[in-house]
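J.: The structure under discussion is supplied below as structure tokens; questions concerning it will follow.
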Amino acid sequence: MTDFRRRIPRTDTALADPRLTAAAIHLGRAAVKAVIVEAQDRARRGEITPEEVISSAAASLPPAGMRQVINATGVIVHTNLGRAPLSADAVTAVTEAAGYTDVELDLHTGRRARRGRTAMAALAAAVPEAEAVHVVNNGAAALALAATALAAGREIVVSRGELVEIGDGFRLPDLLVSTGARLREVGTTNRTSITDYVDAIGPETGFVLKVHPSNFVVSGFTSAVPVNDLAGLGAPVIVDIGSGLLTPHPALPDEPDAASALAAGATLVTASGDKLLGGPQAGLLLGDADLVERLRRHPLARALRVDKLTLAALEATLHSQDVPVRRALDADPDTLHARADALAEALRSDGIDAVTTETDAVVGGGGAPGRTLPSWAVSLPEEYAARLRLGDPAVLGRLERGRLLLDLRCVPAARDPELRAACTS
Ligand SMILES: *Cc1c(COP(=O)(O)O)cnc(C)c1O
């Protein structure tokens with residue numbers, strides 16, 4: 001063997017490198033081994049030096065796993081960032097539920113029990129206005145289940161102003177029609193009156209649907225019919241509130257909540273678990289006991305059933321006093337200002353052109369459209385954007401007028417030092 005061949009690290013030696021050991025956890029040993037063998041071959045062909053084998057193998061690893069991101073966009077529920085970050089309590093609950101659990105077993109009797117009963121009890125307790133509750137995979141699944149069970153082959157009466165596209169090309173009207181229901185559109189884009197609904201309701205009506213236009217606002221010459229007026233028309237009223245506020249929030253006066261919709265007479269409310277509720281992806285069904293039971297027993301319900309991890313995270317979210325989405329929503333602007341000042345000053349002492357800027361944060365992700373939350377950011381030269389995005393953890397800010405803004409509303413204060421480190425590394 002020539003000397004340089006002898007210097008090529010053996011596969012076992014390469015696998016012991018921390019970068020490659022870590023990669024083997026995500027990618028599997030065989031895949032990492034293949035990458036090492038390839039780098040060894042390149043060294044034998046003289047394309048790289050033997051000393052470069054490990055770093056070359058590490059550099060050519062395929063991406064695996066989701067990268068952790070610090071959300072400095074000022075968008076609290078960011079769809080591309082996985083919507084709601086789970087609370088520490090929810091993370092603990094998920095870890096505990098990861099093994100065998102009593103999700104569908106009563107340990108007292110040793111018999112089968114209702115799946116996820118403690119999570120259902122927590123949800124029911126959080127919305128006493130609901131006679132019964134059920135949880136499915138996401139908000140769209142909740143609507144699909146209701147439409148299938150109540151309106152397949154029949155009509156859903158819905159205002160033209162509420163036929164929304166929820167994102168990535170998915171449109172609620174298409175989803176509803178895919179269940180075999182027909183849409184009976186009433187009113188116009190900007191105005192719908194009670195007589196529009198009265199004229200449309202008849203023997204073919206499965207239910208009246210009211211959808212929260214959660215990602216846009218129509219202003220000017222507009223009118224919509226409130227839930228309490230729809231409740232008296234003789235047909236079930238399903239209200240898709242979207243973002244999952246269970247009770248009103250003072251900072252979001254226009255955002256509908258489950259308790260108020262039920263108190264106003266809604267038969268059923270549907271919502272997402274991972275928007276303003278701040279929990280895992282889930283679809284909440286809240287309301288009339290007979291209706292919820294019918295949905296729960298429908299064959300489709302089995303296909304929309306949630307995982308034990310979701311149930312664990314949802315229950316913990318409902319009990320937690322420290323939910324990140326809530327914290328971001330309730331953050332005090334003066335505190336954000338002080339944090340931004342401190343961070344900007346630290347970065348200036350590192351020689352970086354950083355200044356404090358006042359910003360507007362938003363709920364995002366299908367909630368509180370048109371409403372901004374006063375916030376504060378550190379403004380940096382635009383060149384930092386790509387570098388921070390590619391760091392570990394990745395930091396995502398937002399670009400505004402040629403500057404990169406790191407908005408602190410969604411960044412836990414404990415992570416400010418990581419923002420500084422990301423800028424200086
Ligand atoms: C987000 C949203 C949905 C869809 O919920 P998912 O949990 O994303 O499936 C449906 N309706 C409204 C009004 C929404 O805002």
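J.: Does at least one position in segment 253-266 carry a residue that is buried (at least 22 other Cβ atoms within 10 Å of the Cβ), within 16 Å of the ligand (Cβ to nearest atom) and not in a loop (DSSP other than H, G, I, E, B)?
T.: yes
J.: State whether the residues of segment 279-295 include one that is assigned to a loop (DSSP other than H, G, I, E, B), within 26 Å of GLY161 (Cα to Cα) and touching a Lys or Arg at 6+ places or on another chain (Cβ under 8 Å).
T.: Checked against the condition, which is being assigned to a loop (DSSP other than H, G, I, E, B), within 26 Å of GLY161 (Cα to Cα) and touching a Lys or Arg at 6+ places or on another chain (Cβ under 8 Å), segment 279-295 yields no hits at all.
J.: What's the number of the only condition in (1) open to solvent by 70 Å² or more (accessible area, probe 1.4 Å); (2) touching a residue at least 12 places away in the same chain (Cβ under 8 Å) that ASN71 fails to meet?
T.: (1)
J.: Could you identify the single residue in THR2, THR13, THR21 that is within 14 Å of ALA59 (Cα to Cα) and hydroxyl-bearing (Ser, Thr, Tyr)?
T.: After applying the criteria, what remains is THR21.
J.: So, one more: Restricting to segment 362-398, and then to whatever is part of a loop (DSSP other than H, G, I, E, B) and of a type in the set (A, V, I, L, M), can you tell me which residue is most open to solvent (accessible area, probe 1.4 Å)?
T.: My answer is LEU390.
J.: Pull up segment 316-355, narrow it to residues that are surrounded by 19 or more Cβ atoms within 10 Å (Cβ to Cβ) and over 29 Å from the mean Cα position of the chain (by Cα), then point me to the one that is nearest to ALA124 (Cα to Cα).
T.: Restricting to residues being surrounded by 19 or more Cβ atoms within 10 Å (Cβ to Cβ) and over 29 Å from the mean Cα position of the chain (by Cα), the top hit is ALA344.
J.: Okay, next question. Go through ALA386, ALA414 for me and flag whichever is free of Cβ contacts under 8 Å to residues at least 12 places away in the same chain, within 24 Å of SER87 (Cβ to Cβ) and not aromatic (Phe, Trp, Tyr).
T.: ALA414
J.: Can you pull out every residue in segment 213-228 that is open to solvent by 30 Å² or more (accessible area, probe 1.4 Å) and in a loop (DSSP other than H, G, I, E, B)?
T.: Within segment 213-228, PRO213, ASN215, PHE216, VAL217, VAL218, SER219, GLY220, PHE221, THR222, ALA224, PRO226 meet the criteria.
J.: Keeping to segment 196-222, report how many residues are at pLDDT below 95 and under 30 Å from the mean Cα position of the chain (by Cα).
T.: 8
J.: Residue by residue through segment 215-233, note down the ones that are away from the ligand (no atom under 16 Å from the Cβ), of a type in the set (Gly, Ala, Ser) and under 18 Å from ARG184 (Cα atoms).
T.: ALA231
J.: Which of the residues that make up segment 195-214 are in contact with a helix residue (DSSP H, G or I) (Cβ under 9 Å, 6 or more places away or on another chain) and either without any contact (Cβ under 8 Å) to a residue 24 or more places away in the chain or within 16 Å of the ligand (Cβ to nearest atom) (or both)?
T.: PHE207, VAL208, LEU209, LYS210, VAL211, HIS212, PRO213
J.: Can I ask one more? Just checking, how many residues over segment 277-291 are in contact (Cβ under 8 Å) with a residue 60 or more places away in the chain, open to solvent by 10 Å² or more (accessible area, probe 1.4 Å), away from the ligand (no atom under 12 Å from the Cβ) and not hydrophobic (A, V, I, L, M, F, W, C)?
T.: Number satisfying all stated conditions: 1.
J.: Just to check your reading of the model, which residue among ALA98, ALA141, ALA152, ALA147 is within 30 Å of GLU204 (Cβ to Cβ) and open to solvent by 40 Å² or more (accessible area, probe 1.4 Å)?
T.: ALA152
J.: If I ask for residues that are aliphatic (A, V, I, L, M) and within 19 Å of ARG117 (Cβ to Cβ), which ones from segment 87-97 would you list?
T.: Those that are aliphatic (A, V, I, L, M) and within 19 Å of ARG117 (Cβ to Cβ): ALA90, ALA93, VAL94, ALA97.
Residue-wise test of (1) more than 21 Å from HIS298 (Cβ to Cβ); (2) touching a Phe, Trp or Tyr at 6+ places or on another chain (Cβ under 8 Å); (3) of a type in the set (S, T, N, Q).
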residue: ALA132; (1), (2), (3): no, no, no
residue: ALA142; (1), (2), (3): no, no, no
residue: ALA149; (1), (2), (3): no, no, no
residue: ARG182; (1), (2), (3): no, no, no
residue: THR189; (1), (2), (3): yes, no, yes
residue: THR195; (1), (2), (3): yes, no, yes
residue: PHE216; (1), (2), (3): yes, no, no
residue: SER219; (1), (2), (3): yes, no, yes
residue: ALA235; (1), (2), (3): no, yes, no
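J.: Can you say whether ASP274 is outside any loop (DSSP other than H, G, I, E, B) and either away from the ligand (no atom under 13 Å from the Cβ) or in contact with a strand residue (DSSP E or B) (Cβ under 8 Å, 6 or more places away or on another chain) (or both), as far as the supplied structure shows?
T.: Here the answer is no, as ASP274 does not meet what is asked.
J.: Of the residues in segment 234-252, how many are within 13 Å of the ligand (Cβ to nearest atom) and either among the polar types (S, T, N, Q) or at pLDDT 95 or above (or both)?
T.: The qualifying residues number 6.
J.: All but one of (1) closer than 24 Å to SER214 by Cα; (2) away from the ligand (no atom under 15 Å from the Cβ); (3) not aromatic (Phe, Trp, Tyr) hold for ARG294; which doesn't?
T.: The failed condition is (1).
J.: Scan segment 155-163 and tell me whether some residue there is closer than 20 Å to GLY265 by Cβ, small (Gly, Ala, Ser) and crowded, with 18+ Cβ neighbours inside 10 Å.
T.: yes
The values are calculated or read from the model by the stated rules, or taken from the named source; none is laboratory data. All values reported here derive from a predicted model rather than from experimental measurement. So basically every Cβ, Gly included, is an ideal-geometry build from the backbone, and we count neighbours across all protein chains shown. For accessibility, only protein heavy atoms count, side chains too; no ligands or nucleic acids. Shrake-Rupley method; radii C 1.70, N 1.55, O 1.52, S 1.80 Å.
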